[in-house]
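Asker: Okay, here's the structure, questions in a sec.
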Amino acid sequence: MRLYPETEPPDIAPLKPTVAYDSYWRFAAERQRVFFARMRGCRPPWSDDDIINEHKFTNAYRASDRVSQYLIRRVIYRDDLPATAEETFFRIILFKFFNKIETWELLEEAVGAITWKGYDFRRLDTILSRAMAAGRRVYSAAYIMPSAGSMGHERKHSNHLALLERMMRDSVPHKLTRATDMQHGFELLLRYPSLGDFLAYQYITDINYSEITQFSEMEFVVAGPGALDGISKCFTDTAGLNAPEIIRFMTDRQEAEFARLDLHFESLWGRRLQLIDCQNVFCELSKYARIRHPEITGISGRTRIKQKFRPSKEPIDYWYPPKWGINGKITER
């Protein structure tokens, strides 16, 4: 069942949009509507769009996803753990290398308070090795994590622990506190083995949820492989604009496009979609269009959405970086 009839794309010359361009905005509005419906305790199905009901998609806002929420609430902002830049950075990168809630909880259960001061490579390495020997997956499948083999260990997780040690000894946390903008912070991370453009951008976004940095999410963006595919499905001609410029174009036009399509987009308590969010929506549109617009092949050539949607039984008590100033609005609602 299709929620919306297909319409002719708008005239935004010299850009040449496809029918998937309007689907981008409709997907964003509908996915956000589902977010609030679930948050308010409505019973499923949460959408009239069978594609969204049946398949797994991230939220319109990156910070609303379950793993990001866990990172913010259970890793970064912890009253029982040190809040220094050094310790906060250590926790963020340790969590993000694996990007899996179960792995963090495995380590926390085994060692107690996870701190750089109390860090022991052999202990963490042994815990992870035993977990893998028992058949447990310690890495998330959300995106491919390179092995960082140049760190000299046979096992991927060992290399990542060693890489984290190097970053700590290079005083990366303190360098980040002095970074002039988000791109500067991104470039600091990009110097390290296995951290290409995509991961460095994701990590600087995660670090920026903390008080280590005070960047705006409107400063800088890097398009991942999924977003590049989504852009290729939304435009037959980008008029010479590169991927970051297209993402900024979409971010700037959001209110006008929602109004043009008569869509009610309920923002994140007044917070507009930021560059990172519009980048993510392109990634999700890449998947959504495989079913909605199978005639548009994009650059990946993929035709199926692998992951089916299975709602978690554990509710999320949504909470965002305090510097965003929206947590009081959640409580009021």
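Asker: For residue 36, state whether it is at pLDDT 95 or above and in a helix (DSSP H, G or I). Don't jump to the end; show me each part of the working.
Answerer: Details: at pLDDT 95 or above: yes; in a helix (DSSP H, G or I): yes.
For residue 36, the condition - at pLDDT 95 or above and in a helix (DSSP H, G or I) - is met.
Asker: Can you confirm whether residue 174 is in contact (Cβ under 8 Å) with a residue 40 or more places away in the chain, not aromatic (Phe, Trp, Tyr) and not in a loop (DSSP other than H, G, I, E, B)? Give the steps one after another, and end with the answer.
Answerer: On the way: in contact (Cβ under 8 Å) with a residue 40 or more places away in the chain: yes; not aromatic (Phe, Trp, Tyr): yes; not in a loop (DSSP other than H, G, I, E, B): yes.
When the stated conditions are applied, residue 174 passes them.
Asker: Does any residue of region 188-208 turn out to be under 30 Å from residue 13 (Cβ atoms), part of a loop (DSSP other than H, G, I, E, B) and open to solvent by less than 40 Å² (accessible area, probe 1.4 Å)?
Answerer: No - not one qualifying residue is present in region 188-208.
Asker: On to the next question. If only one of 21, 61 is surrounded by 17 or more Cβ atoms within 10 Å (Cβ to Cβ), in contact with a strand residue (DSSP E or B) (Cβ under 6 Å, 6 or more places away or on another chain) and hydroxyl-bearing (Ser, Thr, Tyr), which one is it? If you could, list the steps in order and put the result at the bottom.
Answerer: Working: 21 fails: in contact with a strand residue (DSSP E or B) (Cβ under 6 Å, 6 or more places away or on another chain).
After applying the criteria, what remains is 61.
Rundown of residues vs (1) under 21 Å from residue 144 (Cα atoms); (2) among the basic types (Lys, Arg); (3) modelled with pLDDT of 95 or more, yes/no style:
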residue	(1), (2), (3)
230	yes, no, yes
234	no, no, yes
273	no, no, yes
323	no, yes, yes
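Asker: If you check every pair at least six apart or on different chains, which have Cβ atoms under 8 Å apart with a residue in region 288-308 that is under 13 Å from residue 232 (Cα atoms) first and a residue that is assigned to a helix (DSSP H, G or I) and open to solvent by 90 Å² or more (accessible area, probe 1.4 Å) second?
Answerer: Every condition considered, the pairs that remain are 300/225.
Asker: Additional query: Is at least one residue of region 226-238 part of a loop (DSSP other than H, G, I, E, B) and either at positive phi or surrounded by fewer than 20 Cβ atoms within 10 Å (Cβ to Cβ) (or both)? Walk me through it before giving the result.
Answerer: Quick first cut of region 226-238, residues part of a loop (DSSP other than H, G, I, E, B) only: 238.
Keeping just the survivors that are either at positive phi or surrounded by fewer than 20 Cβ atoms within 10 Å (Cβ to Cβ) (or both) gives 238.
Yes, some residue in region 226-238 is part of a loop (DSSP other than H, G, I, E, B) and either at positive phi or surrounded by fewer than 20 Cβ atoms within 10 Å (Cβ to Cβ) (or both).
Asker: Kindly provide the set of residues from region 82-105 that are under 14 Å from residue 210 (Cα atoms) and either of a type in the set (D, E, K, R) or surrounded by fewer than 18 Cβ atoms within 10 Å (Cβ to Cβ) (or both), ordered by number.
Answerer: 82, 83, 84, 86, 87, 91, 96
Asker: Filtering region 113-148 down to residues that are over 27 Å from residue 78 (Cβ atoms) and without any contact (Cβ under 8 Å) to a residue 40 or more places away in the chain, which residue is most open to solvent (accessible area, probe 1.4 Å)?
Answerer: Quick first cut of region 113-148, residues over 27 Å from residue 78 (Cβ atoms) only: 133-135, 144, 146-147.
In the following step, the residues that additionally are without any contact (Cβ under 8 Å) to a residue 40 or more places away in the chain were identified as 133-135, 144.
Working: 133: 93, 134: 81, 135: 65, 144: 151 Å².
Filtering region 113-148 for residues that are over 27 Å from residue 78 (Cβ atoms) and without any contact (Cβ under 8 Å) to a residue 40 or more places away in the chain, the one most open to solvent (accessible area, probe 1.4 Å) comes out as 144.
Asker: Determine whether residue 74 is open to solvent by 10 Å² or more (accessible area, probe 1.4 Å), free of Cβ contacts under 8 Å to residues at least 60 places away in the same chain and either assigned to a helix (DSSP H, G or I) or touching a strand residue (DSSP E or B) at 6+ places or on another chain (Cβ under 9 Å) (or both). Before you say what the answer is, go through the steps one by one.
Answerer: Details: open to solvent by 10 Å² or more (accessible area, probe 1.4 Å): yes; free of Cβ contacts under 8 Å to residues at least 60 places away in the same chain: yes; either assigned to a helix (DSSP H, G or I) or touching a strand residue (DSSP E or B) at 6+ places or on another chain (Cβ under 9 Å) (or both): yes.
The answer is yes for residue 74.
The values are calculated or read from the model by the stated rules, or taken from the named source; none is laboratory data. Computed from a prediction, not measured in an experiment: that's the story for all the values here. Here Cβ is always computed from backbone atoms with ideal geometry, including for glycine, and neighbour counts include all displayed protein chains. For the accessible areas, the whole protein counts, side chains as well, though only heavy atoms, and no ligand, DNA or RNA atoms are used. Shrake-Rupley method; radii C 1.70, N 1.55, O 1.52, S 1.80 Å.
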